[in-house]
Structures are given as C-alpha cells and as structure tokens.
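The values are calculated or read from the model by the stated rules, or taken from the named source; none is laboratory data. Treat the numbers as computed from the prediction; the structure is a model and nothing was measured. Don't worry about glycine lacking a Cβ; one is built from the backbone with ideal geometry, like all the others, and counts go over all protein chains shown. When the accessible area is computed, the model is the full protein with side chains, heavy atoms only, and any ligands, DNA or RNA have been set aside. Shrake-Rupley method; radii C 1.70, N 1.55, O 1.52, S 1.80 Å.
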Amino acid sequence: MGVSVTACSGGNMYATSNESATIADNDVITIGSVTTNSGAAAAYGEAEVNGFKLAVKEINADGGIFGKQIKLESMDDKGDVIEASNAFNRLAGDKNVIAVLGPTISSTSGAVAPLADQNQMPTIAPAATADSVETGGYLFRTCFKDSYQGEIAAKYAAETLKVKKVAVLYGTGDPYSSGVGKAFVAAAKKNGLDVVAEENSSSADDTEYSSQLQKIEASGAEFLYAPYYYSTVGPYIVPQTRAVGYEGYIMGPDGYDGLKTTGNKANYNKVLYTTHYSPDDKSNTKVQQFITSYKKANNGESPNTFTALGYDSVYMFKRAIEQAGENATRADIRNAIAGMSFSGVTGAFTLDKHGSPKKSVIVLEMSDGEPTYEDTIQPAK
C-alpha cells in the first residue's frame, strides 16, 4: 500500500505540485479518493463514494472539464489512520493525480492533513468535522466543524426546546465524539444552560453505557447530548437510555445519520440530530434535482447526508479546476479553492481562512423510527 507514516515524517518523499502533471498533460483528469468503506464507519464512506460517482458521471456526461473526462481512483482506508496515510501517500506519489477527496472521518482526516501540505495535494474532506483537523493549507472541508455543531445544538436546546438542565455523554478515545461533546458543554454554559452531568466512555464504539446513563437520569437532565456514531446510538445508547427511565430529549451531531432502530420505535421519539442536508428542504432547488438524479442512477435508492457532501465536494473541485485553468497544477487548484464561495446541495457558503465553511444546519427528529425534517438553523451574521 505504500510507505508508512513514520517513513514520510522526515520529509517530502512524494510528487509535489511542481513535480506533478498539469491538467494539460493528460487526456483525463484523475482525482483520487480515500474513504472508509469497511469497518464501523463504512456506511459513511460508501455514501461519500456514491456521491463522488454521481457527480463525476454528471460532469462527464456534460462534456467533462475542458473537454476532458474525470477519472476517479478510489481507495479504502478501513477507518484506520495508518491505512489512510498509506493510501493518501500512494495517490500523492502518482503525478497524474491532481486532487484527493476524503478522508471520511475526523481521525483519518487528521492524519492526512499534514501529508496534504507536505505533498502540496489539494484535498477536500467532505465530512471531517473535528476542530482538531487542521485545514486551510492544502486540506479543506465541505462540512461545518464540531464546535459549530455543538454551538447550534446548545442554541437549539435553549431557544427552541427551552430546556434548562442538560447532560452530555461522549467517548474520550475518539476525536469526533469528544470534540463535539466538549464543544457542546462550552456552548451550553454560554447559553445559560445548567450542565448537570458530564459522563464519558473510553471509546465511541462501546456497547454498554448503563452506569453512565443511570447517573444522567439521576441528575434530572431534560436533554442529553450524546455525540456518537449511528452504529452505537441506534442499537445501544437510545435503548439503554430509555431502559434506565430517562424520557427526555436525546440529541447528537451528523454521526447519527443512518441511525438504525431496534425494538420499540417509540424509544426513538424525541431523538434529534444536526446534519448538513435534508431531502425535505424545499428552500434549495439543488436538493430535489440531486435526489432525482441519484435515484435515477441508483435504482430508486435515496441519497443521505454523506452522499450529498461527497457530491458537493466533487463540484467544488470542478469549480476550482475551471478557475485555475487548463494548465493548472495542484498548487493552482489549491489556490482556487481557498476562500471559495460555493452553492451546492448542502447549502451556500464561503470558506474561511482555515478552509472551513460556516453554513446553515439542518435539524432532524426521529418520528416512528424515521428521520424527519424539523428545522433549518441559519448561521449567525
């Protein structure tokens, strides 16, 4: 799979922007992708790849970019930082690869961020929300950051749900779970909420949370913020929370997307989460066009948030490549992405100096076991 992380830490051993091919050097435009297609977060990576493929198919059918077809080189990092680094280095070492999509989750994106700078490889992470992922060099994001999700959730709890006492549960061993959990606590206090319990687990994929949840129930919390992945929330956290007698709100970030219910579906009522996209958003005409196109290409299957983020990421590269010109290098494409204003399926935004967008946030609520559109929270001016 290529050279290990430690092997590349001493300097740049790969094709830099100056050494790589330009758009004009090849008959096709090759874009790589590093995504999680196996393991606990596989549903996210698979959805992103489906979004990549749809966007590439549409662009190629419309004549490509500068009359050239896009070729997608996809690699699976298995949700592992070493695998992600090796996959990224392999793509960076191919001088014909002009840009990279991914990685999928925050931990793998954090490992790749310095490699993107070392290799001068323009990289867009569709869904890496952790604040610890350094962006603005050669790595950019399509998604908003964890701190932003935490701020929105606290604001929603205080202003819309009008609760007073809140609790939080997060996995200390996972940068996504702990990052968004801590961001929520800070934002909750700023919003005048009483954080009556702050519990944690050693990782984000444990299966037993009853002891922490009993303490949360005893605290009198009306609202529980539990930033975990769909694979943990659906089968474990929600049922166990209801089993200890807690009947209040449970809310989380975009990791809830794809949440699967088990047992009594009524247990999932009052479960909400923030995300980047909703098929019920009627204010954005691009949403319905995207859904129609995706269903046509995928036998009627519906896209999800990660599909939409992946789809927008490809179109961000298209915009950047067109702006950079037919003789663009990797560095030229990077410079075209920096500060970009973009309007896509997941909203309109301008990238800040750190390469992150500040954009509207969708709030979904589970109803009869299915996520339903509840609200759109606009960014603060």
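A few points about this structure:
- Any hit, the stretch 248-261, residues being of a type in the set (Lys, Arg) and over 28 Å from residue 345 (Cβ atoms): no
- In the stretch 66-75, residue farthest from residue 40 (Cα to Cα) [restricted to those that are in contact with a strand residue (DSSP E or B) (Cβ under 7 Å, 6 or more places away or on another chain) and open to solvent by 50 Å² or more (accessible area, probe 1.4 Å)]: 69
- Scan of the stretch 330-348 for residues that are more than 12 Å from residue 139 (Cα to Cα), polar (S, T, N, Q) and open to solvent by 10 Å² or more (accessible area, probe 1.4 Å), ordered by number: 341, 343
- Qualifying residue in the stretch 1-24 (condition: modelled with pLDDT under 95, in a helix (DSSP H, G or I) and either on the phi > 0 side of the Ramachandran plot or open to solvent by 60 Å² or more (accessible area, probe 1.4 Å) (or both)): yes
- Under the condition of being buried (at least 21 other Cβ atoms within 10 Å of the Cβ) and either charged (D, E, K, R) or more than 15 Å from residue 253 (Cβ to Cβ) (or both), the residues counted in the stretch 167-192 number 2.
- One residue from 57, 71 being farther than 20 Å from residue 133 by Cβ and part of a helix (DSSP H, G or I): 57
- The stretch 349-374, residues that are open to solvent by 70 Å² or more (accessible area, probe 1.4 Å) and free of Cβ contacts under 8 Å to residues at least 12 places away in the same chain: 350, 370
- Considering residues of the stretch 298-315 that are of a type in the set (Ser, Thr, Tyr) and open to solvent by 20 Å² or more (accessible area, probe 1.4 Å) only, the residue farthest from residue 56 (Cα to Cα): 302
- When residue 205 is tested against (1) open to solvent by less than 50 Å² (accessible area, probe 1.4 Å); (2) of a type outside the set (A, V, I, L, M, F, W, C); (3) touching a residue at least 60 places away in the same chain (Cβ under 8 Å), just one condition goes unmet, and that condition is (1).
- Unmet requirement for residue 87, which otherwise passes all of (1) of a type in the set (A, V, I, L, M, F, W, C); (2) open to solvent by 10 Å² or more (accessible area, probe 1.4 Å); (3) out of contact with any Phe, Trp or Tyr (no Cβ under 7 Å at 6 or more places or on another chain): (2)
- Spans of helices (runs of 4 or more DSSP H) in the stretch 270-381 with at least 1 residues within 25 Å of residue 94 (Cβ to Cβ): 305-324, 330-337
- Residue match in the stretch 119-131 (condition: buried (at least 24 other Cβ atoms within 10 Å of the Cβ), touching a Leu at 6+ places or on another chain (Cβ under 6 Å), among the polar types (S, T, N, Q) and closer than 23 Å to residue 21 by Cβ): yes
- Looking across the stretch 114-128, the residues that are within 23 Å of residue 96 (Cβ to Cβ) and aliphatic (A, V, I, L, M) come down to 115, 116, 121, 124, 125.
- Single unsatisfied condition, residue 63 versus (1) on the phi < 0 side of the Ramachandran plot; (2) open to solvent by less than 40 Å² (accessible area, probe 1.4 Å); (3) of a type outside the set (D, E, K, R): (1)
- Pair list, Cβ < 9 Å and 6+ apart or interchain, from the stretch 289-308 residues that are free of Cβ contacts under 8 Å to residues at least 12 places away in the same chain to residues that are assigned to a helix (DSSP H, G or I) and open to solvent by 20 Å² or more (accessible area, probe 1.4 Å): 301/50; 301/295
Condition check ((1) closer than 19 Å to residue 164 by Cα; (2) hydroxyl-bearing (Ser, Thr, Tyr); (3) open to solvent by 10 Å² or more (accessible area, probe 1.4 Å)) across all residues:
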position: 217; (1), (2), (3): yes, no, yes
position: 230; (1), (2), (3): no, yes, yes
position: 242; (1), (2), (3): no, no, yes
position: 253; (1), (2), (3): no, no, no
position: 259; (1), (2), (3): no, no, yes
position: 265; (1), (2), (3): no, no, yes
position: 271; (1), (2), (3): yes, no, no
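- For the stretch 260-291, filtering for residues that are aliphatic (A, V, I, L, M) and closer than 26 Å to residue 220 by Cβ leaves 3.
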